[in-house]
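Step one of this worksheet: look at the structure below.
The values are calculated or read from the model by the stated rules, or taken from the named source; none is laboratory data. All figures in this text were calculated on a predicted structure; none of them were measured in a lab. Here Cβ is always computed from backbone atoms with ideal geometry, including for glycine, and neighbour counts include all displayed protein chains. When the accessible area is computed, the model is the full protein with side chains, heavy atoms only, and any ligands, DNA or RNA have been set aside. Shrake-Rupley method; radii C 1.70, N 1.55, O 1.52, S 1.80 Å.
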Amino acid sequence: MSEQKFTRRDFLQSACISVGALAASGSGVSALAADNKKDSGNKDGLPSVDVLVIGSGGAGLRAAVAVRKKYPNLSVVVVNKGMPSRNATCMAEGGINGVIDFEHGDSHELHAYDTVKGSDFLGDQDAIIKFVEKATEAIHELDYAGMPFNRQKNNTVARRFAGGAKYERCNYAADKTGSILMHTCLDEAITRGVKFLLDHYLLDVAMDGDKCEGAVLLDMQTGDVTPVLAKAVVLATGGYTRVFFNRTSTPFNASGDGIAAALRAGLAFKDPEMLQFHPTGIRTGGALITEAARGLGGKLINNKGERFMSKYSKRMELAPRDIVARSIETEIRLGNAFGEGMSSYVLLDLTHLSEEQIMNELPQIRHVGLLFDGMDLVKEPIPIRPTAHYSMGGIEIAKFDDMSTHLPGLFAAGETSCASIHGANRLGGNSLTDTTVTGKLAGEGAGEYASKQTGFGSGKHAHELAQKWQAKFKEITSGGTSNEMYDLREEFGKQNWDNMGIYRTGDKLEAHAKSLEEFQAKYDALKIPNPNMTYNTALIDYLEFGNLIMLARCACLGALERKECRGAHFREDYPKRDDVNFLKHSIVTLKDGKPTLAYKDVVITKYPVEERKY
């Protein structure tokens with residue numbers, strides 16, 4: 001192929017492989033590995049790779065690149081349910097936090113304090129202090145890698161305000177920061193020899209004794225179930241706010257698969273009840289209007305024409321997300337909104353900005369407004385309402401420095417993980433920072449771990465799991481109707497929104513916990529009417545729905561037992577924060593398939609717990 005005809009499509013295709021390339025024959029990806037397969041311990045010749053990354057968002061790609069940078073002899077494969085560019089990272093708009101200007105008053109200490117305060121003091125301060133230092137490093141690395149940030153007049157990376165921040169430290173590339181970041185990382189991954197296994201679904205994490213030995217994958221194209229051995233596995237499959245199925249900004253394919261697999265493997269789900277609602281989702285469906293719109297002076301207006309945020313916070317529209325989201329919902333409850341029921345909304349007014357400024361800094365949300373609501377925010381205010389957005393909870397991390405879990409050989413990064421950086425409320429701009437920082441740490445951790453392993457696991461557990469899934473698929477694809485499952489999923493999303501949403505009460509949560517058990521029972525009895533395993537999308541919907549039910553049950557248990565208000569968790573029957581009883585993390589594990597709850601102390605090292613005022 002001549003250089004002139006080598007397209008970006010060819011570039012992407014050159015990195016895509018099949019499971020056959022992971023065979024123990026020594027061909028394909030396995031040829032990248034330093035060790036010889038015949039002495040690897042992989043006696044049954046199962047597909048294998050040194051480091052297996054599940055998920056191709058920013059965290060997964062940063063992890064894959066980090067392995068190849070530091071351990072170029074290790075083979076790395078990234079698994080995704082579809083194309084590598086289909087992920088939540090590419091939907092992030094506003095920017096990525098990190099202090100790069102230390103000459104005008106900002107500092108790591110202030111970024112850390114803002115993050116601790118934003119978390120409503122549920123964030124672990126030892127992790128947060130390291131996180132903000134790594135954030136600066138991450139911005140410079142992305143800039144060096146060629147990420148086309150917007151620029152200031154002095155040619156430094158452009159930055160703006162995000163909610164809850166004292167200084168402008170949200171670095172941005174228009175309002176497409178996530179998409180541009182992800183593509184920068186994807187290009188770097190392909191360039192460094194990372195391989196991609198597309199259209200594969202994570203079924204389970206496999207263990208050899210007390211350590212991870214790989215994963216079991218479903219080939220969505222063929223329906224084949226394949227155990228894949230790995231010396232280290234990184235889970236980076238995103239969050240689980242798809243539990244609010246009918247109103248969320250989370251992509252359809254982010255269904256908490258990694259967290260659910262970790263739970264089944266015996267790991268803990270930390271702070272599952274901490275679910276963030278972004279204040280400004282599009283009226284219909286909940287697609288996102290970036291926080292940067294408020295950072296540029298966007299005003300929230302009710303049906304009386306009032307800029308109502310003055311009633312709720314001195315920071316006005318730039319208060320943290322939990323406060324702004326509750327303020328909007330309060331206006332709706334008071335009858336100060338437009339529309340009725342789920343169609344209720346207030347207005348976000350950006351008409352003070354020029355078309356040129358919007359096209360330079362917010363072109364994507366103008367497109368979103370036109371696409372989803374037929375409205376041009378250059379000319380008129382746009383209807384918005386809070387939308388389920390981000391999961392602060394995730395797989396409990398054992399060590400922030402390498403993002404290892406309590407299962408040796410298994411690492412987690414990004415929204416899948418919970419290193420307790422965001423506590424009860426994440427600040428705007430800190431999610432892409434989390435993705436970038438924890439992804440790199442997880443990759444370096446997984447690479448170091450894999451480099452010290454002399455071989456692969458036996459594959460016994462992985463093989464048993466694969467057989468179990470094959471038997472299950474044979475059983476469940478034997479009848480039923482698809483409508484039954486989709487009707488149940490719609491009702492599931494509505495019930496979660498109504499009973500575990502922005503405003504919560506003990507009565508609602510207790511009834512909802514029972515309701516979720518009924519959803520589980522109905523789900524367990526479901527059948528898929530199509531036995532053909534080739535691109536059986538109904539089966540994928542079924543698997544994702546099962547994971548979401550499990551994660552919602554965990555979240556509901558944590559929310560029911562946390563009898564206080566903290567960050568995004570707002571209990572109307574316990575309207576105050578209770579540091580005596582609940583300055584602690586919820587730790588949920590599965591016992592005989594049922595969620596059980598324990599608690600763990602929050603790490604306080606530098607910033608005293610105080611009243612949170614904005």
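With q set to 0.13 Å⁻¹, the log10 of I(q)/I(0) for the stretch 328-436, from the Debye formula over equal scatterers at the Cα positions, is -0.72. Take every Cα pair under 8 Å whose residues are at least 6 apart in sequence, average their separation, divide by the length of the chain, and the relative contact order is 20 percent. Considering the stretch 217-351 at the alpha-carbon level, its Rg and Dmax are found to be 19.7, 61 Å.
In whole percent, what relative contact order does the stretch 362-420 give with Cα contacts below 8 Å and a gap of six or more residues? List each step's numbers first, then the result.
Working: 58 pairs, mean separation 14.8, N = 59.
In percent, rounded to a whole number, it is 25.
Note on H406 and E133: their simple-model spin labels are 2.7 nm apart, each label 7 Å out from Cα toward Cβ.
In the chain, helices alone account for a calculated mean residue ellipticity at 222 nm of -11000 deg cm²/dmol, with every DSSP H run of four or more residues adding -39,500 (n - 2.57).
Remark: relative contact order (the stretch 267-356) = 32 percent; criterion is Cα-Cα distance under 8 angstrom and separation of 6 or more residues. For each pair in K153/K314; K460/K522; K399/K474; K472/K563; K117/K600; K314/K514, compute the distance between the two Cα atoms and list the pairs where it is over 29 Å. Correct reply: K153/K314; K460/K522; K399/K474; K472/K563; K314/K514.
Helix 363-373 and the longest principal axis of the C-alpha atoms of the chain enclose an angle of approximately 80°. Ranked by the mean number of other Cβ atoms within 10 Å of their residues, highest first, the peptides 247-260, 340-353, 414-427, 530-543 come out as 414-427, 247-260, 340-353, 530-543. The Cα center of the stretch 73-111 and the Cα center of the stretch 523-573 differ in position by 27 Å.
Protection proxy ranking, highest mean first, for peptides 67-77, 173-183: 173-183, 67-77, where packing is the per-residue count of other beta-carbon atoms within 10 Å, averaged. Modelled this way, with points 7 Å down the Cα-to-C-beta line, the labels at T589 and E475 are 2.5 nm from one another.
Given K43/K231; K311/K576; K311/K494; K43/K468, which pairs have Cα atoms separated by over 25 Å? Let's see the in-between values first.
Values: K43/K231 15 Å; K311/K576 19 Å; K311/K494 30 Å; K43/K468 21 Å.
Pairs exceeding the cut-off: K311/K494.
Helix 537-561 and the long axis of the chain differ in direction by around 50°, with both axes built from C-alpha atoms. Here is the size of the stretch 98-162 from its Cα atoms: Rg then Dmax, 13.0, 38 Å.
Taking Cα centre as origin and charging only the Cβ of basic (Lys, Arg, +1) and acidic (Asp, Glu, -1) residues, the dipole magnitude of the chain rounds to 180 debye. Taking the accessible area of the chain, probe 1.4 Å, and keeping the other protein chains in place, the carbon and sulfur fraction comes to 50%. With respect to the chain, whose longest principal axis is taken over its alpha-carbon atoms, helix 482-500 is tilted by about 40°. Multiplying the residue separation of A598 and K69 by 0.36 nm and subtracting their alpha-carbon distance yields 186.5 nm. When the alpha carbon coordinates of the stretch 188-272 are projected onto the principal axes, the ranges are 37, 34, 30 Å, largest first.
The Rg/Rh ratio of the stretch 358-417, with Rg taken over Cα atoms and Rh as the Kirkwood radius over Cα pairs, comes to 1.31.
The tail of the calculated P(r) for the chain, taken as Cα-Cα distances beyond 49 Å, holds 7 percent of the pairs.
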